[in-house]
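The structure under discussion appears below in the form of C-alpha cells.
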Amino acid sequence: MIALLTRDLILAIRAGGGFGLGLAFFLIVTILVPFGVGPESAILSVIAPGILWVGALLACLLSLDRIFALDFEDGSLDLLATAPIPLEGVVAMKAAAHWVTTGLPLTLAAPVLGTLLHLPVEGYLWMLLSLAIGTPALSMIGTFGAALTVGLKRGGLLMSLLVLPLYVPTLIFGAETVKRALDGLTTATPALMLAGVTLATCALLPFAAAAAIRINLR
Amino acid sequence: MIALLTRDLILAIRAGGGFGLGLAFFLIVTILVPFGVGPESAILSVIAPGILWVGALLACLLSLDRIFALDFEDGSLDLLATAPIPLEGVVAMKAAAHWVTTGLPLTLAAPVLGTLLHLPVEGYLWMLLSLAIGTPALSMIGTFGAALTVGLKRGGLLMSLLVLPLYVPTLIFGAETVKRALDGLTTATPALMLAGVTLATCALLPFAAAAAIRINLR
Amino acid sequence: MASIWQYANPVKFMQTSAKVLPALSVLTAVTLIVGLVWGFFFTPDDYKQGSTVKIMFIHVPAALMAINAWLMMLVASLIWLVRRHHVSALAARAAAPIGITMTLIALFTGAIWGQPMWGTYWAWDPRLTSFLVLFLFYLGYMALWAAIENPDAAADLTSVLCMVGSVFALLSRYAVNFWNQGLHQGASVSLDKEEHVNDVFFYPLLLCMIGFVLLFVLLVLLRTRTEIRTRRLKTLMARERMT
Amino acid sequence: MIPELGKYATEVLGAYAVTLLLLAALIGGSLMRSAKVRKQLKEVEERNNG
Amino acid sequence: MELQVSDLSCARGGVPILEGVNFTVSGGEALFLRGPNGIGKTTLLRTLAGLQPPLAGSVSVPHESLAYAAHADGLKATLTVAENLKFWARIFGTKGIEHALAHFNLTELAERQAQNLSAGQKRRLGLARLLVTGRPIWALDEPTVSLDTDSVALFAQAVQAHLEGGGMALIATHIDLGFEARVLDMSPFKAKTPVYDDFDEAFL
Amino acid sequence: MELQVSDLSCARGGVPILEGVNFTVSGGEALFLRGPNGIGKTTLLRTLAGLQPPLAGSVSVPHESLAYAAHADGLKATLTVAENLKFWARIFGTKGIEHALAHFNLTELAERQAQNLSAGQKRRLGLARLLVTGRPIWALDEPTVSLDTDSVALFAQAVQAHLEGGGMALIATHIDLGFEARVLDMSPFKAKTPVYDDFDEAFL
Ligand code: HEM
Ligand SMILES: Nc1ncnc2c1ncn2[C@@H]1O[C@H](COP(=O)(O)OP(=O)(O)OP(=O)(O)O)[C@@H](O)[C@H]1O
Ligand SMILES: Nc1ncnc2c1ncn2[C@@H]1O[C@H](COP(=O)(O)OP(=O)(O)OP(=O)(O)O)[C@@H](O)[C@H]1O
Ligand SMILES: [Mg+2]
Ligand SMILES: [Mg+2]
C-alpha cells in the first residue's frame, strides 16, 4: 500500500506540476476575488477566511479527475482491483496521495494568500490548523466522487455537482473556526466538529468509494 | 458556419445538461460563498457583484474543455480544418456556441442568484447588462485557451492557469460597473471599457486561436 | 560583416557563448558584489525611511528585470514566429524561470518593505497588483512549455501565448489602475527626488542595476545552452527509439 | 561588520536573505541542470558514435 | 487536374519520418500507399491534406480540392445518420444527401443515432461523407477497417464511380480492396538515420 | 488445485452474453479460449478475475490465486521499466524483479521510461508483470498482440515454465501461440436471444 502511495507521488512529480497546478489555481482564485470585490482591506479581511476556504475547495475539486481517470484508462485500476491489497486500501491511498499533492500545499500556502487578502494576524494559526484538519476530508470526499464517476466520458462537471454539496459541512465548520478565532471567540466547537467530519469521512467513505469502483469496473 | 453553430447547440442539448451544468456550478459557487463568509447581509450585499462575477467566470472556465476536446478526439477537428470554411470561422462559431450554452444562461440567472446574495435592487440592471456585455469576452478568451491546450492529456487545470490571468481585465471592468451602479456613480467608463474588451477580443482572438489549433493538429 | 542571424545557428551560438561565458561570469560577479556591498554597507540611512532604503538596491533592479525579461521573451517569440530560428525560441524558454524569480524577488522585497512603510505587507496597489498578474503570466507560460511534447509546437504555442499575454498584461495594467489608485506611486516619486538629490544612493543603485542586467544575460546564455543540449538529447533519443 | 540597521534590521536582513536565497536557487538550479544535461548528452552521443 | 508530390520530406513529433517522396496522380487515377506499420502513411496523407507543413519539398494540390478521411470518422454519437451527413453537406456547401445514403446502403438507418450503429455501419457513414464533399481528390486512411466483404464492394464501386467522373484517390491500406490500381511502396522513402556528430539548425 | 466453472452465465452492459459455460482446469494445464470477436472472451475472463459478478452459475477460484492481464497493460508512462515492475512486485508482496526482466529480454531497457518503449516492448513489460505476481492461475486476454515472433516464443516459454511449476493458464487468443493446449470454443455458449413475450423478474 505504501508502494501505491509512493508511486502516485512520483507520478505527480514526474507529470510536472502535480503539486504546482492545484496551488496555482488556489492562488488565482484568491487573486481574482479582490478584483471582483474591490481592494478595500476592511471588507477583504472580513471575507478572507471564507474566500480562502472556498478557494481551497475549488482547487481540490479541479484536481479530482486525476485521481482515478488515468489509472482507469491505462488498465491499472483493473489490475489493482485484482491485486492482493483491498480496494478500500487503494482508495485510501489514492485519497492520501491527493491530499499530499493538493491539500497539504494549499494549507502551507494559505498564510501567504492570507496576507494578500489582509487576513488579520489572529487568524493565521487557525486558518492553517483548520485547513490542516479539514482538507483530508475534502480529498476523501472528492475521491468518493471520483470513484462514482470513473469511466464516464466527461465526468468532470458532473463530479463537481456531486461533490460540492458534500463539501458543505466541511466548509461551514472550517470557515467558522477561523471566523471565531478572528472574533476572539472560542474555536473549540467548530474545530472539533471539523475534526469529527474528517475522521468519520476517512473511516467510512473508503468503503463506499471502493464499492462504487467495483460497480463501475463491471 | 451556421451549420456548425446549430450542430454544437443540438449536441449540447442532446448531451443532457449542456445548458444545465454550467448554471448549476454557478449556483453552487454562489451558495458556497455565504457558507464560507457568513450570512450577514450587510457584507454579502457589498461583495455580491464581485462574487457573482467570479462565480460566472469559474462556471465558464469549467465548461471550456468541452469546446474542442470532443471534436479533437473523434477526428471532427481534422475534418473541419480541411473543410472549405476558414478555421477562424470555426473558432468564432465554437465560442458563440459556448456563450449561448454558458454565458447566456448565467446572465439570465444572475438576478435570481443576486437575490441570494442580497444584491441591492439598484444593482440588478447593471449586473445583467455587465454580464451580457462581458461574458462573450469570457467565452472567446476561453476558446483561445482551449485551442492552446487541445490534444493535451489532462489540459483542464493547465487551461485554467492560462485563461484566468487573461480574464482579469474583463472581471475588473465588469465588477466595477456594478459596484459603481450600487454607489450611484456613473457607470459609463467601465461599461464602455468592458464593451471595448469584448469587441477587441472577438475581433482578434479568433485568429490567434485558429493559429493555435493549426499548430496543435500538426 | 556577417549577419547577426548567424548566431541563431545553434553550433555558432554554442561556440560563441562558450567563449563569452567565463569573462561574463567574472564581470557579473564583480559588478553585483561591489554594487550590493556598496549599497548594503556603505550607504547612509534615509532620513525618512531609515535603513529600509537599503532594500531598494535589490527591489528596483529585480522589478526592472522582471519586466524586461518578459519583453525579451516577447521579442524572442516574435523572432521565432517570423524567422524560425530555434535558438530564439529556446532563449525565450530559458528566460522565463529567470523572469519569474525576479518577479518573486520584487514581490517579496516589496512586501517586506511595505510593512514598515505602509504598515501592511500587501496592498492592492496597481503596481503591485500588476506584478502579481505578471507572475501568473510567467507561471502559465512555463506550464505550457512543460506540457507539450513536440518542441516546435511548444515553441509556436508559447509564442502565441506570449504575444496575446503581453496585450492582456498591458490591458490588465490599465484595468488595475482604473480599479484602484495606489500607494506605490507616491513612494516612488519621493524617492525619485532623492535619487536626483543624493548621489549617495544613485551610484550603488546604478551598479546593482547593471549587475542584475549582466546576471540576466549570463543566466539566459547558460540556460539557452542547456536548452539546446536538451533539445539535441531529445532528438537523439527519439532517433534511437526509431531504429 | 554588519552596519547599524536600527529598528528595521529584520526587514532589511530578511529582504536580502530572501533575495540571496532565490538567486542562489536560480543559479544553482541552472548550473545543476546544465551539468546533468551535459552528462546525459555525452552518454547518448558516445552510445551513438562509439 | 493533377496532384504532384516532389521530393517531399515529412516529420512527426519533430522527427523526420519520410524523405524524397515523389509521385504524380492525374485525373481518373487511384494510388495505393502500402508499407509496414509506422512507416508514415498517415503522416503523408496529413501532409497532403495540409494539416501539417512538409519539412522539405512541395505538394501541388489545387486549392480546396482534397477530401481527407482519417482513421477516426468524426461522427457525433448523438446525431442521427442523416443529421451527421447533412452537417457535412452544409459545411462543404453541397446539396442532397440521398445519393450518399443510398450508395452506402444507409437509407434504412437514416434516423438511427450514430452511437447505436455497429462499427462497420459507422465506417460506412464515414465513407458516405466523402460523397457529400463534392471534392475531386480523396485521401483515405485505411478506409475499409471493420467493413465486411459486401461493404468493401460498395466502397470499391464508390471509388470507381469517382474515378470515372475524373476524380482521384490516394488510399493507404494493408489489405486487398477488390480493384486494381497503381501501388506505391513507402518503404524506400523511410528517412535515413543521420550522422550524430554535429549540431545544425534542426538539432539533428 | 483446480479451477472449476459450472453453468456460468455472464452479462455485459445489462445484456446476457454467455450461458451455460462449463469447464475445469487443473494444475499444469493450459486452456485456449477461442471464438469470434464479441462472443464474450473478455467478459468471461473478467468474471473469473472477480471484476464482475456472474449472472448465474459458479466459479471456484481459490482465494487470491488469479493474475489477470487485460487488453491494456496498466503501465505508467513516466515510470521506468524497473519502477513499473517493482511497483507491482511490492503490491503483490513478492521479491526480485530480475528474473522477470531477464526472461522477457528487458534487462537492457530497465532504466527506460515506459513511454519511450515501442508497442511490443510495452507488451513484454506487461507480461513480465505476471512473473512478479507469483500467482498460480494466469488469465490472459490476447497476450501476444503486437509481439514479434521472437517475443511470442519467449512468452510461450514463460507459460510452459509456469505450467511445469504446477500453474494454470487461461488464454483468450485468435492466433497460434506456438504450443499446444486444450481449446475451448466459446461459440456454443452464446446466450440465446430471449423470447420477448414475457417479462420476468430481471426484465430480460
Ligand atoms: C510587493 C510589493 C511591491 C512590488 C511588486 C513593487 C514593484 C515595483 C516596480 C514594478 C517598480 C518599478 C521599477 C521601475 O519601473 O523602475 C518598483 C520600483 C520601486 N519601488 Fe516597488 N514594489 C513593491 C513594494 C514597494 C514598497 C513597499 C516600496 C517602499 C515604500 C517600494 C519602493 C519602490 C521604489 C523606491 C522604487 C523605485 C522608484 C521608481 O523607479 O519609480 N516598492 N517597485
Ligand atoms: N504524435 C506523434 N509523435 C511522435 N511520433 C509519432 C506521432 N505519431 C506517430 N508517430 C511516429 O511516426 C511514425 C509514422 O507514423 P504513421 O502514423 O504515419 O504511420 P502509418 O504508416 O500510418 O502506420 P499504420 O499502418 O500503423 O497506420 C511512427 O513510427 C510513429 O511511431
Ligand atoms: N461496456 C459495454 N456495454 C455494453 N456492451 C458491451 C460492453 N462491452 C462489450 N459489450 C458487448 O459485449 C459483447 C462481448 O464483448 P467481449 O469484449 O467480451 O468480446 P470478446 O470475445 O472479448 O471480443 P474480442 O475478440 O473483440 O476481444 C460484445 O458483443 C460487445 O458488443
Ligand atoms: Mg496510419
Ligand atoms: Mg476481448
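So that you can scan it fast, the table gives a plain yes or no per residue for (1) of a type outside the set (Asp, Glu); (2) within 15 Å of the chain's Cα centre (by Cα); (3) not in a helix (DSSP H, G or I):
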| position | (1), (2), (3) |
| --- | --- |
| B:26 | yes, yes, no |
| B:32 | yes, no, no |
| B:36 | yes, no, no |
| B:42 | yes, no, no |
| B:49 | yes, no, no |
| B:53 | yes, yes, no |
| B:58 | yes, yes, no |
| B:64 | yes, yes, yes |
| B:78 | no, no, no |
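What's the total number of residues in region E:116-162 that are within 19 Å of residue E:172 (Cβ to Cβ) and polar (S, T, N, Q)?
5
Here are C:172, C:159: which of them is hydroxyl-bearing (Ser, Thr, Tyr), more than 10 Å from ligand 1 (Cβ to nearest atom) and in contact (Cβ under 8 Å) with a residue 60 or more places away in the chain?
Values: C:172 fails: in contact (Cβ under 8 Å) with a residue 60 or more places away in the chain.
Criteria check complete, one pass: C:159.
Might you check whether a residue that is on the phi < 0 side of the Ramachandran plot, acidic (Asp, Glu) and free of Cβ contacts under 8 Å to residues at least 12 places away in the same chain occurs anywhere in region F:92-107?
Of all residues in region F:92-107, those on the phi < 0 side of the Ramachandran plot come to F:92, F:94-95, F:97-104, F:106-107.
With the extra rule that they be acidic (Asp, Glu), the set shrinks to F:98.
This time we only want the ones that are free of Cβ contacts under 8 Å to residues at least 12 places away in the same chain, so: F:98.
Looking for residues that are on the phi < 0 side of the Ramachandran plot, acidic (Asp, Glu) and free of Cβ contacts under 8 Å to residues at least 12 places away in the same chain, one finds at least one in region F:92-107, hence yes.
Looking only at residues in region F:115-146 that are within 16 Å of ligand 3 (Cβ to nearest atom) and surrounded by fewer than 21 Cβ atoms within 10 Å (Cβ to Cβ), which one is nearest to residue A:82 (Cα to Cα)?
Filtering first and then ranking leaves F:142.
Given the structure, is residue A:36 away from chain F (no Cβ under 14 Å) and in contact with a Lys or Arg (Cβ under 8 Å, 6 or more places away or on another chain)? Show your work before the answer.
Details: away from chain F (no Cβ under 14 Å): yes; in contact with a Lys or Arg (Cβ under 8 Å, 6 or more places away or on another chain): no.
The answer is no for residue A:36.
Looking at A:121, A:178 in this structure, which one is crowded, with 23+ Cβ neighbours inside 10 Å and on the phi < 0 side of the Ramachandran plot? Walk me through how you get there before you give the answer.
Numbers: A:121 fails: crowded, with 23+ Cβ neighbours inside 10 Å.
Exactly one of A:121, A:178 is crowded, with 23+ Cβ neighbours inside 10 Å and on the phi < 0 side of the Ramachandran plot, namely A:178.
Yes or no, residue by residue, for (1) acidic (Asp, Glu); (2) under 18 Å from residue A:60 (Cα atoms):
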site: A:147; (1), (2): no, yes
site: A:157; (1), (2): no, yes
site: A:176; (1), (2): yes, no
site: A:180; (1), (2): no, no
site: A:184; (1), (2): no, no
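How many residues, within region B:70-82, are within 14 Å of chain A (Cβ to nearest Cβ) and surrounded by fewer than 21 Cβ atoms within 10 Å (Cβ to Cβ)?
Just the residues of region B:70-82 that are within 14 Å of chain A (Cβ to nearest Cβ), to begin with: B:70-74.
Restricting the remaining residues to those that are surrounded by fewer than 21 Cβ atoms within 10 Å (Cβ to Cβ) gives B:70, B:72-74.
Of the residues in that region, 4 qualify.
Can you find a residue in region F:95-114 that is within 16 Å of ligand 2 (Cβ to nearest atom), in a loop (DSSP other than H, G, I, E, B), surrounded by fewer than 23 Cβ atoms within 10 Å (Cβ to Cβ) and not acidic (Asp, Glu)? Talk me through it step by step, then tell me what you get.
In the first step, residues of region F:95-114 are kept if they are within 16 Å of ligand 2 (Cβ to nearest atom); the result is F:112-114.
If we keep only those that are in a loop (DSSP other than H, G, I, E, B) as well, we get F:112.
Now drop any that are not surrounded by fewer than 23 Cβ atoms within 10 Å (Cβ to Cβ), which leaves F:112.
Now restrict to residues that are not acidic (Asp, Glu): F:112.
Within region F:95-114, one or more residues are within 16 Å of ligand 2 (Cβ to nearest atom), in a loop (DSSP other than H, G, I, E, B), surrounded by fewer than 23 Cβ atoms within 10 Å (Cβ to Cβ) and not acidic (Asp, Glu).
Specify the residue that is nearest to ligand 2 (Cβ to nearest atom); the eligible residues are those in region F:1-30 that are over 16 Å from the mean Cα position of the chain (by Cα), away from chain A (no Cβ under 14 Å) and buried (at least 21 other Cβ atoms within 10 Å of the Cβ).
Here the answer is F:18.
Got at least one residue in region C:200-211 being surrounded by fewer than 20 Cβ atoms within 10 Å (Cβ to Cβ), more than 16 Å from ligand 5 (Cβ to nearest atom), modelled with pLDDT of 90 or more and over 16 Å from residue C:54 (Cα atoms)?
The answer is yes; a qualifying residue exists.
So which residues in region F:129-159 are more than 14 Å from chain A (Cβ to nearest Cβ), within 15 Å of the chain's Cα centre (by Cα) and farther than 23 Å from residue F:50 by Cβ?
F:144, F:155, F:156, F:158
Quick one: would you say residue A:162 is within 12 Å of another protein chain (Cβ to nearest Cβ) and either over 24 Å from residue C:128 (Cβ atoms) or part of a helix (DSSP H, G or I) (or both)?
yes
Kindly indicate which of E:77, E:67 is facing chain B (nearest Cβ under 10 Å), of a type in the set (A, V, I, L, M, F, W, C) and either within 16 Å of ligand 3 (Cβ to nearest atom) or touching an Asp or Glu at 6+ places or on another chain (Cβ under 6 Å) (or both).
Values: E:67 fails: either within 16 Å of ligand 3 (Cβ to nearest atom) or touching an Asp or Glu at 6+ places or on another chain (Cβ under 6 Å) (or both).
It is E:77.
With the checklist (1) touching a residue at least 60 places away in the same chain (Cβ under 8 Å); (2) surrounded by 22 or more Cβ atoms within 10 Å (Cβ to Cβ) in hand, flag the one item residue A:23 doesn't pass.
(2)
Yes or no: residue E:49 buried (at least 19 other Cβ atoms within 10 Å of the Cβ) and at negative phi?
On the way: buried (at least 19 other Cβ atoms within 10 Å of the Cβ): yes; at negative phi: yes.
Spelling it out, residue E:49 is indeed buried (at least 19 other Cβ atoms within 10 Å of the Cβ) and at negative phi.
Do any helices (runs of 4 or more DSSP H) entirely within region C:41-150 hold 2 or more residues that are under 24 Å from residue C:229 (Cα atoms), at the interface with another protein chain (Cβ under 7 Å from one of its Cβ atoms) and small (Gly, Ala, Ser), and if so, which? Steps first, answer last, please.
Numbers: elements: C:56-83, C:86-118, C:126-147.
The qualifying helices (runs of 4 or more DSSP H) are C:126-147.
Given the residues B:28, B:85, B:47, B:67, which is the only one that is of a type in the set (A, V, I, L, M, F, W, C) and either closer than 24 Å to residue A:42 by Cα or away from every other protein chain (no Cβ under 14 Å) (or both)?
Working: B:28 fails: either closer than 24 Å to residue A:42 by Cα or away from every other protein chain (no Cβ under 14 Å) (or both); B:85 fails: either closer than 24 Å to residue A:42 by Cα or away from every other protein chain (no Cβ under 14 Å) (or both); B:67 fails: either closer than 24 Å to residue A:42 by Cα or away from every other protein chain (no Cβ under 14 Å) (or both).
So the residue among B:28, B:85, B:47, B:67 that is of a type in the set (A, V, I, L, M, F, W, C) and either closer than 24 Å to residue A:42 by Cα or away from every other protein chain (no Cβ under 14 Å) (or both) is B:47.
Taking region E:139-161, which residues are within 16 Å of ligand 4 (Cβ to nearest atom) and in contact (Cβ under 8 Å) with a residue 60 or more places away in the chain?
E:139, E:140, E:141, E:142, E:143, E:145 - these are the residues of region E:139-161 that are within 16 Å of ligand 4 (Cβ to nearest atom) and in contact (Cβ under 8 Å) with a residue 60 or more places away in the chain.
Can you name every residue in region B:173-189 that is in contact (Cβ under 8 Å) with a residue 24 or more places away in the chain and over 15 Å from residue B:121 (Cα atoms)?
B:173, B:174, B:175, B:187
Inspect region B:75-85 for any residue being modelled with pLDDT under 85 and at negative phi and give the result as yes or no.
No, there is no match, as no residue in region B:75-85 is modelled with pLDDT under 85 and at negative phi.
Just to be sure before I move on: is residue E:40 within 18 Å of residue E:9 (Cα to Cα) and more than 7 Å from chain B (Cβ to nearest Cβ) in the structure I sent?
Numbers: within 18 Å of residue E:9 (Cα to Cα): yes; more than 7 Å from chain B (Cβ to nearest Cβ): yes.
When the stated conditions are applied, residue E:40 passes them.
For residue B:203, only one of the following conditions fails: (1) surrounded by fewer than 24 Cβ atoms within 10 Å (Cβ to Cβ); (2) part of a helix (DSSP H, G or I); (3) touching a residue at least 60 places away in the same chain (Cβ under 8 Å). What is its number?
The number of the failed condition is (3).
When region F:14-30 is examined, which residues are found to be in contact with a strand residue (DSSP E or B) (Cβ under 7 Å, 6 or more places away or on another chain) and more than 16 Å from ligand 5 (Cβ to nearest atom)? Walk me through it before giving the result.
At the first step, the residues of region F:14-30 found to be in contact with a strand residue (DSSP E or B) (Cβ under 7 Å, 6 or more places away or on another chain) are F:16-27, F:29-30.
If the condition is that a residue be in contact with a strand residue (DSSP E or B) (Cβ under 7 Å, 6 or more places away or on another chain) and more than 16 Å from ligand 5 (Cβ to nearest atom), then F:16, F:19, F:20, F:22, F:23, F:24, F:25, F:26, F:27, F:29, F:30 are the ones that fit.
If residue F:83 satisfies all but one of (1) closer than 28 Å to residue A:215 by Cβ; (2) at the interface with chain A (Cβ under 8 Å from one of its Cβ atoms); (3) not in a loop (DSSP other than H, G, I, E, B), what's the number of the condition it fails?
(1)
Of the residues C:34, C:26, C:30, only one is under 16 Å from residue C:200 (Cα atoms), surrounded by fewer than 17 Cβ atoms within 10 Å (Cβ to Cβ) and either among the basic types (Lys, Arg) or under 22 Å from the mean Cα position of the chain (by Cα) (or both); which?
Of the residues listed, the single one that is under 16 Å from residue C:200 (Cα atoms), surrounded by fewer than 17 Cβ atoms within 10 Å (Cβ to Cβ) and either among the basic types (Lys, Arg) or under 22 Å from the mean Cα position of the chain (by Cα) (or both) is C:34.
The values are calculated or read from the model by the stated rules, or taken from the named source; none is laboratory data. Small disclaimer: the values here were computed from a predicted structure and weren't measured. Neighbour counts are summed over all protein chains in view; Cβ atoms, including those assigned to glycine, are modelled from backbone coordinates with ideal geometry.
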